[in-house]
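K.L.:
First, the structure itself, so that you have it in front of you.
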């Protein structure tokens with residue numbers, strides 16, 4: 001019975017380590033999803049010249065959750081002219097993204113700042129701002145991608161080591 005308990009402790013701490021490591025993979029996926037939204041936004045703005053609420057609606061149809069809800073919320077708030085400043089609406093909706101979306105505080109702050117860059121009457125300025133932001137975001141994805149595997153390994157090892165240490169203390 002005692003060995004069963006020890007095994008469960010090691011198993012639980014190993015699962016914790018795996019779960020912590022998966023958080024990095026989730027963040028990378030979230031960053032890639034945001035990049036997909038940015039790419040779609042650039043394409044729609046440059047090719048359709050449609051108003052931003054309409055572009056957000058179109059993009060929402062192509063994206064999965066939570067980005068679909070995010071884009072539809074931005075579009076609805078802009079359409080209803082309920083405090084319709086794009087920067088404010090965008091920032092507010094970034095704040096409302098669920099904690100489980102994968103973005104950390106720094107990512108959210110950066111994404112929130114994008115709202116100030118959108119909504120320029122000059123199409124060229126808007127596209128240039130989006131392009132700069134996309135490049136910055138792509139560098140962020142590259143940095144996180146390099147960190148994913150090493151962090152996963154560290155957390156797996158940490159989980160197993162923690163479990164073994166607890167077992168040794170209990171023996």
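Values quoted throughout were computed directly from the atomic coordinates according to the rules given, and no laboratory measurement underlies them. In this text, all values refer to a predicted model and were calculated from it rather than measured experimentally. Positions of Cβ are backbone-derived with ideal geometry, glycine not excepted, and every protein chain shown enters the neighbour counts.
K.L.:
Please work out the C-alpha center-to-center distance from the range 19-46 to the range 47-83 and express it in whole Å.
P.N.:
Value for the Cα centre distance between the two parts: 17 Å.
K.L.:
Here are some values of Rg and Dmax of the Cα atoms in Å: (1) 41.4, 116; (2) 21.2, 72; (3) 33.3, 108. Which one was computed from this structure?
P.N.:
Correct label is (2).
K.L.:
For the range 2-170, what does the relative contact order come out to in percent, with C-alpha contacts under 8 Å and a separation of six or more?
P.N.:
41 percent
K.L.:
Turning to a different aspect of this structure: I need the shape label for the range 83-171. Rule: rounded when a/c is under 1.5, else prolate if a/b > b/c, else oblate, with a, b, c from the alpha carbon gyration tensor. Kindly include the intermediate steps, with their values, before the conclusion.
P.N.:
Details: a/c = 7.20, a/b = 2.48, b/c = 2.91.
Oblate.
K.L.:
Treating the angle as unsigned and between 0 and 90°, give the value, to the nearest 10°, between the Cα long axis of helix 2-48 and the longest Cα principal axis of the chain.
P.N.:
10 degrees
K.L.:
On to the next question. Using alpha carbons only, how many degrees (0 to 90, rounded to 10) separate the axis of helix 105-117 from the longest principal axis of the chain?
P.N.:
0 degrees
K.L.:
Mind ranking 23-29, 98-104 by how tightly packed they are, going by the mean number of other C-beta atoms within 10 angstrom, highest first?
P.N.:
On the way: 23-29: 17.1, 98-104: 14.9.
Final packing ranking: 23-29, 98-104.
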